[in-house]
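Reading through the structure tokens given below for one structure.
The numbers here are math on the coordinates, done by the rules we state, and not lab data. Since this is a predicted model, take the numbers as computed values, not measurements. As a convention, Cβ positions derive from the backbone with ideal geometry for all residues, glycine included, and neighbour counts pool all protein chains shown.
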Amino acid sequence: MSQYPDARFIKSANAREQFVPDEGAEVAVAGRSNAGKSSAINVIVNRRQFARTSKTPGRTQLVNFFTLREGQRLVDLPGYGFARVSDRMREHWGVLLSDYFQTRRSLRGLLLVVDIRRRLQDYDRQMMAFAEEVDLPVHILLTKTDKLKRGQAATALLEVQKEVGPRASVQPFSALSRTGEDEARAILERMLSGTAA
């Protein structure tokens, strides 16, 4: 049973004017193409196909707004990396994401989805920089931990924790085995309620 029985897609936006009204509270979810962002969202919300997963990485090309419950939203941000898009499109995404972080007063936190095998990439660091500029709490989900042996996963976790220091909290996560599901959901709830550090 989902903790968010009323969760549903609201709309997609390709420009700041198309964002939903800036009220209540929302948490953004970002991640490079192929990091497992849609799968992570589906597990946290506990609804299959809530955020569509795709065999083609980089399908999230718009800012997608979902309502979780009255006055609380999840926002799926465009990811790139493996996505085959033009330089012009990447530039547009950069402006769109900058606009999003700079203008949303209802934004309470950022869940950053990172493939544990790839560690932090330039996109991830850029997302953290956007969040830092507006003093936003960041929580990193190191996805696909099931793809590594336990020792390798522990080493990767320590490496990422060392790089981000106090700027973000970090946890292992697997959509396949549902490792870290409860912790991730608890962080989301704390962000939405404004109690995340």
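Connecting C-alpha atoms closer than 10 Å in a GNM of the chain, tell me which of ALA40, ALA25, ALA154 has the biggest fluctuation.
ALA154
Sort out for me the Cα centre separation of region 1-19 from region 132-197, rounded to whole Å.
What the calculation gives is 23 Å, centre to centre.
In what order do LYS147, LYS37, LYS162 fall by count of nearby beta-carbon atoms within 10 Å, going from fewest to most?
Placing the least packed residue first, the sequence is LYS162, LYS147, LYS37.
Looking at the chain, identify the longest residue range that excludes and avoids all GluC sites (Glu not before Pro) in DSSP loops having at most 12 other Cβ atoms within 10 Å.
Value returned for the longest uninterrupted segment is 71-197.
Between GLU132 and GLU189, what is 0.36 nm times their sequence separation minus the Cα-Cα distance? Round to one decimal in nm.
18.5 nm
If I take every Cα pair under 8 Å that is 6 or more residues apart in the chain, average their sequence separation and divide by the length, what percent do I get for the relative contact order?
24 percent
Under a straight-distance cross-link criterion of Cα-Cα below 16 Å, which aspartates and glutamates are reachable from LYS147, leaving out those fewer than 8 residues away in the same chain?
Qualifying aspartates and glutamates at Cα under 16 Å: ASP115.
Find the all-direction average of the projected area of the Cα convex hull for region 8-193, expressing the result in square nanometres with one decimal place.
The Cα convex hull of region 8-193, projected and averaged over all directions, gives 9.6 nm².
Please build a GNM for the chain, connecting alpha carbons under 10 Å apart, and tell me which residue among ALA184, ALA28, ALA156 fluctuates the most.
For the chain, modelled as a Gaussian network with Cα springs under 10 Å, the answer is ALA156.
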